[in-house]
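Trainee: Provided herewith is a single structure, encoded as structure tokens, for subsequent inquiry.
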Amino acid sequence: MTLAAVKDAARKAAFARRKPLFDQANAAQAGYLSEVLAGYRGVPVSGFMPIRTEIDPLAAMAEAAAHGPVGVPVIQAAAQPLKFARWTPDTKMVAGQFGASVPEALEYFEPEIVIVPLLAFDRHGGRLGYGGGFYDRTLELLRARRSTLAIGFAFAGQEIDQIPLEDTDQPLDMIVTENGVTEIS
């Protein structure tokens, strides 16, 4: 079986595993993410607008926006890095590509912390995304310019023993779930 086929099978399993976690989620799911971001007040951060059954980071993003720039990813085109547009809880949002909302007025900036959505993660900083490579390309670009903290945000039940990785996969520096924080060494 090819690595691509292994990853596709892992994605299908991860979607199925995430659905009941999402269905049982409560309003406190972003509590630990808020605590982590409180240690980086004023540092430019990008979160994400949750789609499908993703864990919801919006409460933590709203808190961070009171202290510094917060943004959300904007897809430019296939096989291109993401750009990040400024966001506040009051920003007027419109439909973007792949179902994620984006700000109507696009004011771009570069984050130093990127909160990354995912399908599955492992304790070594491995992340299984949706397969487009957007975050891998983006993190590689940002990390070539400056230190960039990649925080995987997910439900604890999305953890698996080992993510099948490719050379282009960018590692997470930290994983935050509704149950706590794991720093990757």
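The values are calculated or read from the model by the stated rules, or taken from the named source; none is laboratory data. All values reported here derive from a predicted model rather than from experimental measurement. So basically every Cβ, Gly included, is an ideal-geometry build from the backbone, and we count neighbours across all protein chains shown.
Trainee: Does segment 95-107 hold any residues that are more than 16 Å from the chain's Cα centre (by Cα), part of a strand (DSSP E or B) and surrounded by 11 or more Cβ atoms within 10 Å (Cβ to Cβ), and which are they?
Mentor: Pro103
Trainee: What residue, among those in segment 144-160 that are in a loop (DSSP other than H, G, I, E, B) and of a type in the set (Val, Ile, Thr), is farthest from Val36 (Cα to Cα)? So that I can check it myself, show each step before the final result.
Mentor: To start, the set of residues in segment 144-160 that are in a loop (DSSP other than H, G, I, E, B) comprises 146-148, 154-155, 160.
Narrowing the set further to residues that are of a type in the set (Val, Ile, Thr) leaves 148, 160.
Details: Thr148: 15, Ile160: 23 Å.
Out of the qualifying residues, it is Ile160.
Trainee: In the list Ala85, Ala79, Ala59, Ala64, which residue meets the criterion of being aliphatic (A, V, I, L, M) and in a loop (DSSP other than H, G, I, E, B)? Break it down stepwise before answering.
Mentor: Working: Ala85 fails: in a loop (DSSP other than H, G, I, E, B); Ala59 fails: in a loop (DSSP other than H, G, I, E, B); Ala64 fails: in a loop (DSSP other than H, G, I, E, B).
Result: Ala79 is the single residue among Ala85, Ala79, Ala59, Ala64 that is aliphatic (A, V, I, L, M) and in a loop (DSSP other than H, G, I, E, B).
Trainee: Name the pairs whose Cβ atoms lie under 6 Å apart, with the first residue in segment 69-95 and in contact (Cβ under 8 Å) with a residue 12 or more places away in the chain and more than 17 Å from Leu58 (Cα to Cα), the second surrounded by 13 or more Cβ atoms within 10 Å (Cβ to Cβ) and of a type in the set (Val, Ile, Thr), and 6 or more positions between them or separate chains?
Mentor: Close Cβ pairs satisfying both conditions: Pro81/Thr138; Leu82/Thr138; Lys83/Val74.
Trainee: So in segment 22-41, with the set limited to residues that are at pLDDT 95 or above and assigned to a loop (DSSP other than H, G, I, E, B), which one is surrounded by the fewest Cβ atoms within 10 Å (Cβ to Cβ)?
Mentor: Only one residue tops the list, namely Gly39.
Trainee: For segment 139-162, what are the residues that are out of contact with any strand residue (DSSP E or B) (no Cβ under 7 Å at 6 or more places or on another chain) and of a type in the set (Ser, Thr, Tyr)?
Mentor: Ser147
Trainee: (1) farther than 18 Å from Leu118 by Cα; (2) assigned to a loop (DSSP other than H, G, I, E, B); (3) not β-branched (Val, Ile, Thr): which one isn't true of Glu54, the others all being true?
Mentor: Evaluating Glu54 over (1) farther than 18 Å from Leu118 by Cα; (2) assigned to a loop (DSSP other than H, G, I, E, B); (3) not β-branched (Val, Ile, Thr) leaves (1) as the failure.
Trainee: Could you list all residues from segment 1-21 that are surrounded by 11 or more Cβ atoms within 10 Å (Cβ to Cβ) and either in contact with a strand residue (DSSP E or B) (Cβ under 6 Å, 6 or more places away or on another chain) or not in a helix (DSSP H, G or I) (or both)?
Mentor: Hits for segment 1-21 are Ala10, Ala14.
Trainee: Starting from segment 99-110, keep only residues that are free of Cβ contacts under 8 Å to residues at least 60 places away in the same chain and farther than 16 Å from Pro81 by Cα, then list their pairs with residues that are buried (at least 17 other Cβ atoms within 10 Å of the Cβ) and hydroxyl-bearing (Ser, Thr, Tyr) whose Cβ atoms are within a distance under 7 Å, requiring at least 6 positions of separation or different chains.
Mentor: Short answer, once both residue conditions are applied: Pro103/Thr91.
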